[in-house]
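For reference, the structure is listed below as structure tokens.
Just so you know, all these numbers are worked out from the coordinates, no wet-lab data involved. Model, not experiment: these values are computed from the prediction. Positions of Cβ are backbone-derived with ideal geometry, glycine not excepted, and every protein chain shown enters the neighbour counts.
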Amino acid sequence: MGDSVQIKNDSTELLQLVSFKIGNEEFGVDILNVQEINKMTTLTKVPNAPDFVEGVINLRGRVIPVIDLRIRLHLPKKEHDKDTRIIVVEIENKTIGFIVDSVNEVLRIPVNITEAPPEIVTGVDSDFIKSVGKLEDRLLILIDLKKILTTTYEKELSTMLEEE
């Protein structure tokens with residue numbers, strides 16, 4: 001055991017996130033994945049779509065599936081209101097919309113304040129959680145968009161995209 005001090009570099013690495021609310025929980029997604037944030041709009045229903053797919057929207061000529069993130073995270077459905085937003089994200093060259101209760105802010109948090117999620121986080125399926133950020137006054141649950149899309153896209157949504 002010497003007197004050498006190990007200096008960690010990761011304290012300077014920042015995550016830039018868009019934070020949003022679903023119920024009482026605050027979530028975040030990497031801003032690099034977010035294309036835009038839109039007010040709730042009329043969706044076109046898709047026959048035989050899974051319950052978490054609200055429908056599709058036409059975004060400047062592109063048909064984009066829209067998922068109700070509440071349902072996807074196994075939380076109760078909620079009526080849309082003036083704060084409801086659609087966060088349009090791109091993951092692995094696929095564009096998809098997520099309905100959230102409200103969008104809060106863009107945050108920059110150091111990577112070193114995040115940690116792996118506990119087994120159970122507020123009833124949200126932990127499969128979809130990348131990590132949990134411990135902010136001064138609250139917890140921020142970082143969503144793993146790839147997991148939500150992988151399980152979604154591979155099965156149900158691939159057929160919707162083929163029909164475009």
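Going down the list K21/K78; K39/K134; K45/K146; K21/K82, which pairs span over 19 Å between their C-alpha atoms?
Beyond 19 Å: K39/K134; K45/K146.
Which whole-Hz ³J(HN,Hα) couplings does the range 37-43 yield from phi under the Karplus relation 6.51 cos²θ - 1.76 cosθ + 1.60, θ = phi - 60°, glycine and proline marked x?
10, 10, 5, 4, 9, 5, 9
What ranking do 47-57, 129-139 get when scored by the average of other Cβ atoms within 10 Å per residue, highest first?
Working: 47-57: 16.2, 129-139: 14.1.
Top to bottom by mean Cβ count within 10 Å: 47-57, 129-139.
Convert each backbone phi in the range 93-103 into a coupling constant with the Karplus relation 6.51 cos²θ - 1.76 cosθ + 1.60 (shift: θ = phi - 60°), then list the ³J(HN,Hα) values in order as whole Hz, x for Gly and Pro.
Along the range 93-103, the couplings run 6, 10, 9, 8, x, 10, 8, 10, 5, 6, 9 Hz.
What number comes out for the charge environment of I91, summing +1 per Lys or Arg and -1 per Asp or Glu over other residues with Cβ under 12 Å away? Provide the component values of the computation, followed by the final result.
Working: positive: K94, K146, K147; negative: D30, E90, E92, D144.
Summing Lys/Arg as +1 and Asp/Glu as -1 gives -1.
Amide H neighbours of K130 under 5 Å, counting only residues 5+ apart in sequence or on other chains, H built in-plane at 1.01 Å?
Hits under the 5 Å cutoff: L142, I143, D144.
Stretch T41-K134 to full length: gain in nm at 0.36 nm per residue minus the Cα-Cα span? Present the calculation step by step, with values, prior to reporting the outcome.
Details: separation 93, 0.36 × 93 = 33.48 nm, distance 3.33 nm.
Extending this stretch completely gives an extra 30.1 nm.
Give me the net charge of T114's neighbourhood, meaning all other residues with Cβ under 9 Å from the Cβ of T114; Lys, Arg count +1, Asp, Glu -1.
On the way: positive: K130, K134; negative: E115.
Once all neighbours under 9 Å are counted, the net charge is +1.
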